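The values are calculated or read from the model by the stated rules, or taken from the named source; none is laboratory data. Everything numeric in this text was worked out from a predicted model, so none of it was measured. Cβ atoms come from the backbone with ideal geometry, glycine included; neighbour counts cover every protein chain shown. Heavy atoms of the whole protein, side chains included, go into the accessibility calculation; ligands, DNA and RNA do not. Shrake-Rupley method; radii C 1.70, N 1.55, O 1.52, S 1.80 Å.
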Amino acid sequence: MNLSIYYYESPVGIFKLEADNSSLQSILFMNTNKKLASGNTNWVIERTIEELDAYFRGDLKKFSIPITIRGSEFESAIYRELAKVPYGETCSYKDLAVRVGRERAYRAVGTAVGKNRFALIVPCHRVISSNSKLGGYGTVGLEIKLWLLNLEGVSR
């Protein structure tokens, strides 16, 4: 597998994009504000950049980039359901647990969401607690989660 890596600068920070010639392998928040060397591209990276630019302008509501999801059967099911949460809407960890037929596994859902390797595309920022509190957002913090929800028109 020939992997291309590119560092994308966004309004909320830097993302590391990894892709082979058929699909995106990951898009991860980088916990740095340091300028990173851009890296190399392929058609998947170039299309990802175009879609990210459109998303951050508010012009893109749904990503169409092919992705390769890895993880357990449970994690993969959570990611598939999470990818269905529409732009501008939220769901709870419990909602996701119910959708995959594991109603009481909401803590396991939280663990799976925390392992998500496709920031924005598999929109973990749209997951909130059942009591409508924002909850965590990995190592990048609630400020960025709130910024993304505001971009999508979710009022908090």
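Observations on the model:
- Lysine pair count for the chain [Cα-Cα under 20 Å; pairs on different chains or 8 or more apart]: 17
- Computed over protein heavy atoms with a 1.4 angstrom probe, the accessible surface ordering of ILE14, ILE144, largest first, is ILE144, ILE14.
- Distance (nanometres) between label positions extended 7 Å along Cα→Cβ at PHE56 and LEU142: 2.5 nm
- Dipole axis of the chain (+1 Lys, Arg; -1 Asp, Glu on Cβ), positive-most option in SER23, GLY114, THR41: GLY114
- Counting only protein chain heavy atoms and rolling a 1.4 Å probe, the accessible areas of LYS84, LYS145, LYS16 rank, largest first, as LYS84, LYS16, LYS145.
- Taking a ≥ b ≥ c as the square roots of the Cα gyration tensor eigenvalues, region 43-106 comes out oblate, since a/c reaches at least 1.5 and a/b does not exceed b/c.
- Rounded accessible area per residue of region 1-106, 1.4 Å, Å²: 55 Å²
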